[in-house]
2 protein chains.
Amino acid sequence: MAEHLTRRQALKLAAGMGGALAAGAALPACGSSVGNAGERDPYPWPYLPLDLTKSGELGYENYRVGHCAYAVFTSIAGQVANFLGEPFTFFPFDMWRFGAAGIANWGTVCGTVNGASAAIALFFKEPDDMISELLTWYENTALPVYEPENPVLPMDMPATEAASPLCHLSVGKWIKASGFEASSPERTERCARLAADVTRKTVEILNLAFDRRFVFHGLDPQTQECLACHGQGKKNDDIKSQMHCTTCHD
Amino acid sequence: MAEHLTRRQALKLAAGMGGALAAGAALPACGSSVGNAGERDPYPWPYLPLDLTKSGELGYENYRVGHCAYAVFTSIAGQVANFLGEPFTFFPFDMWRFGAAGIANWGTVCGTVNGASAAIALFFKEPDDMISELLTWYENTALPVYEPENPVLPMDMPATEAASPLCHLSVGKWIKASGFEASSPERTERCARLAADVTRKTVEILNLAFDRRFVFHGLDPQTQECLACHGQGKKNDDIKSQMHCTTCHD
């Protein structure tokens, strides 16, 4: 807990910034009723097309810096921030370590998917089709396919279809097929290469959108069939999901 | 697609910032090998204790501004940013709209959980126990319990245990118990109140951590029992998950 400002430092900082924050008191309510930063935050960020090869390399390397979500988000947004300078470089990239292994090791959404979706939304106000294109590809592609030039762990890498955007299932399918354990160095290498693949695919989508050539190819046919009855606004409107249904349901 | 800078504007901007970016060319590789913003980004942000009541109100209101993930993240980080000023106010809060309904309506991780976990990691370098405390509470508590002073939709609100941090399951349990549809205004009201609850709980955890009084109470007993054999580094190390096991498995 002690890695952030100490309580004393924080109170001093608050006092120095014009606040009248007594020890034990909570931060006074801010001016804006929604509590956000108002007009000053630059959003969306301007996107500039990125190089696929370089982006894949960064995704692979950054995995071992801050895990899966950090790797994909930082490899994309960090390149643009470095090019544009302040205030874009003020983004607290290290925050994205939280997404590791489906958020703090909980196995929910794959961190590469979480970081990639956020990166898309950072540059485009209407990101849903681009995110759906990415997730449909993620679910239905045998991954990883990325071959690092200088692998940290050289190995014949098995590739598996996740059939889900969830870490627990994506990793689960791979460890079942490969015979390696979840805590093995081979699984770490697999996720680093997956981070490279997802970074590359996201950049591909972003570059197309920048060129106004992005087209959403639709959810996979099986999911579309299920959602024809069970999707929102349909006659049996009972779900919130666009994940591959038959992975968990008969 | 046209809401961001036009291609022409972006190229002009890039040229103006010293880049030699020819039309069609990709952004040149940046200096840092990891492509992140290096030393300049402020991380972790200093946390300052927030008021529970005000935070809950913001969580509820902000849900209708930018959905679930935006609501929780912005209601917490936005209050601190507004108090501290620049460069914290440069954070692109609107990015968090991507987390709506489990990321772009996919039903993966509940957006309130995603935004809350990121907010915790924004202020603390070692956020995992705090995130696990939040998610264990989320899975095992009948929610929502928040009663807005001026509800957008006044109603008797059913509360349900999600038994999962996933949107698809959390919403699914609630619509089954309540009889309302996923696309109903009642379900929207439910998720707005849930955003208030998760904002409050996250602030409670952050305030305790700020005071160095935070204690992680552990995963729920059922999950602990499963992980005793199936957790990472155990004899049957075959999973990446800390989610409630029996929600999906016998």
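The values are calculated or read from the model by the stated rules, or taken from the named source; none is laboratory data. Remember, it's a predicted structure, so these values are computed and weren't measured experimentally. Counting neighbours? That spans all protein chains shown, and the Cβs are built from the backbone with ideal geometry, glycine included. Note: areas computed on protein heavy atoms with side chains; ligands, DNA, RNA excluded. Shrake-Rupley method; radii C 1.70, N 1.55, O 1.52, S 1.80 Å.
Scanning the range A:217-241 for residues that are facing chain B (nearest Cβ under 10 Å) and open to solvent by 40 Å² or more (accessible area, probe 1.4 Å) gives A:His230, A:Gln232, A:Gly233, A:Lys234, A:Asn236, A:Asp238.
Condition first: of a type in the set (Phe, Trp, Tyr), at the interface with chain A (Cβ under 7 Å from one of its Cβ atoms) and within 13 Å of the chain's Cα centre (by Cα). Now tell me which residues in the range B:90-120 satisfy that. Reasoning before the result, please.
Restricting attention to the range B:90-120, the residues satisfying the condition of being of a type in the set (Phe, Trp, Tyr) are B:90-91, B:93, B:96, B:98, B:106.
Next, only the ones that are at the interface with chain A (Cβ under 7 Å from one of its Cβ atoms) stay: B:90-91, B:93, B:98, B:106.
Answer for the range B:90-120, where residues must be of a type in the set (Phe, Trp, Tyr), at the interface with chain A (Cβ under 7 Å from one of its Cβ atoms) and within 13 Å of the chain's Cα centre (by Cα): B:Phe93, B:Phe98.
Those residues that are touching a residue at least 24 places away in the same chain (Cβ under 8 Å) and in a loop (DSSP other than H, G, I, E, B), I need them from the range B:117-140; list them, please. Matches in the range B:117-140: B:Phe124, B:Lys125. Of all positions in the range B:145-152, none carries a residue that is within 20 Å of B:Ala71 (Cα to Cα), at pLDDT 95 or above and open to solvent by less than 10 Å² (accessible area, probe 1.4 Å).
Mind checking which residues of the range B:195-250 are among the charged types (D, E, K, R) and without any contact (Cβ under 8 Å) to a residue 12 or more places away in the chain? Lay out the reasoning, then the answer.
Step one: list which residues in the range B:195-250 are among the charged types (D, E, K, R), which gives B:197, B:200-201, B:204, B:211-213, B:220, B:225, B:234-235, B:237-238, B:240, B:250.
Once the filter is applied, which keeps residues that are among the charged types (D, E, K, R) and without any contact (Cβ under 8 Å) to a residue 12 or more places away in the chain, the range B:195-250 yields B:Arg212, B:Arg213, B:Glu225, B:Lys234, B:Lys235, B:Asp237, B:Asp238, B:Lys240, B:Asp250.
Kindly provide the set of residues from the range A:184-194 that are within 12 Å of another protein chain (Cβ to nearest Cβ) and under 24 Å from A:Phe73 (Cβ atoms), ordered by number.
Filtering the range A:184-194 for residues within 12 Å of another protein chain (Cβ to nearest Cβ) gives A:184, A:187-188, A:190-191.
Result: A:Arg187, A:Thr188, A:Arg190, A:Cys191.
Evaluating B:Thr89 against the criteria (1) of a type in the set (S, T, N, Q); (2) over 30 Å from B:Pro221 (Cα atoms); (3) crowded, with 24+ Cβ neighbours inside 10 Å leaves one unmet condition, (3).
For the range B:211-234, the condition of being under 30 Å from B:Arg64 (Cα atoms) and not hydroxyl-bearing (Ser, Thr, Tyr) holds for none of the residues. Look through the range A:153-166, keep the residues that are of a type in the set (A, V, I, L, M, F, W, C) and in a loop (DSSP other than H, G, I, E, B), and return whichever of them is least open to solvent (accessible area, probe 1.4 Å). By that ranking, first place goes to A:Ala162.
Kindly establish whether B:Tyr70 is under 30 Å from B:Leu153 (Cα atoms), modelled with pLDDT of 95 or more and open to solvent by less than 50 Å² (accessible area, probe 1.4 Å).
On the way: under 30 Å from B:Leu153 (Cα atoms): yes; modelled with pLDDT of 95 or more: yes; open to solvent by less than 50 Å² (accessible area, probe 1.4 Å): yes.
Answer is yes for this residue.
Of the numbered criteria (1) surrounded by 24 or more Cβ atoms within 10 Å (Cβ to Cβ); (2) within 18 Å of B:Thr202 (Cβ to Cβ), the one B:Ile103 fails is (2).
For the range B:73-86, the candidate set comprises residues that are assigned to a helix (DSSP H, G or I) and either more than 7 Å from chain A (Cβ to nearest Cβ) or among the aliphatic types (A, V, I, L, M) (or both); within that set, the residue that is surrounded by the fewest Cβ atoms within 10 Å (Cβ to Cβ) is B:Leu84.
Which residues, taken from the range B:195-211, are within 13 Å of chain A (Cβ to nearest Cβ), surrounded by 17 or more Cβ atoms within 10 Å (Cβ to Cβ) and of a type outside the set (Val, Ile, Thr)?
Taking the range B:195-211 first, the residues within 13 Å of chain A (Cβ to nearest Cβ) are B:195-196, B:199-200, B:202-211.
Going one step further and asking which of them are surrounded by 17 or more Cβ atoms within 10 Å (Cβ to Cβ), we end up with B:195-196, B:199-200, B:202-207, B:209-210.
Of everything in the range B:195-211, those that are within 13 Å of chain A (Cβ to nearest Cβ), surrounded by 17 or more Cβ atoms within 10 Å (Cβ to Cβ) and of a type outside the set (Val, Ile, Thr) turn out to be B:Ala195, B:Ala196, B:Arg200, B:Glu204, B:Leu206, B:Asn207, B:Ala209, B:Phe210.
Residues in the range A:89-116 that are among the polar types (S, T, N, Q), without any contact (Cβ under 8 Å) to a residue 12 or more places away in the chain and assigned to a loop (DSSP other than H, G, I, E, B): A:Asn105 alone.
Summed over the range A:192-247, residues that are outside any helix (DSSP H, G or I), at pLDDT 90 or above and more than 16 Å from A:Asp129 (Cβ to Cβ) total 3.
Say we look at the range A:128-144 and pick out the residues that are in contact with a helix residue (DSSP H, G or I) (Cβ under 7 Å, 6 or more places away or on another chain) and open to solvent by 20 Å² or more (accessible area, probe 1.4 Å); which of these is farthest from A:Leu208 (Cα to Cα)? By that ranking, first place goes to A:Trp137.
Just checking, which of A:Phe214, A:Phe123 is under 20 Å from the mean Cα position of the chain (by Cα), open to solvent by less than 10 Å² (accessible area, probe 1.4 Å), over 30 Å from B:Gln242 (Cα atoms) and at the interface with chain B (Cβ under 10 Å from one of its Cβ atoms)?
Details: A:Phe214 fails: open to solvent by less than 10 Å² (accessible area, probe 1.4 Å).
Exactly one residue qualifies, and that residue is A:Phe123.
Taking only the range A:46-66 into account, find how many residues are facing another protein chain (nearest Cβ under 7 Å), aromatic (Phe, Trp, Tyr) and part of a helix (DSSP H, G or I).
Here is the first cut: in the range A:46-66, the residues facing another protein chain (nearest Cβ under 7 Å) are A:46-51, A:54, A:58, A:61-62, A:65.
Subset that is aromatic (Phe, Trp, Tyr): A:47.
With the extra rule that they be part of a helix (DSSP H, G or I), the set shrinks to none.
Residues meeting the conditions: 0.
Within the range B:220-234, does at least one residue satisfy the condition of being within 30 Å of B:Asp51 (Cβ to Cβ) and out of contact with any Lys or Arg (no Cβ under 6 Å at 6 or more places or on another chain)? Checked against the condition, which is being within 30 Å of B:Asp51 (Cβ to Cβ) and out of contact with any Lys or Arg (no Cβ under 6 Å at 6 or more places or on another chain), the range B:220-234 yields at least one hit.
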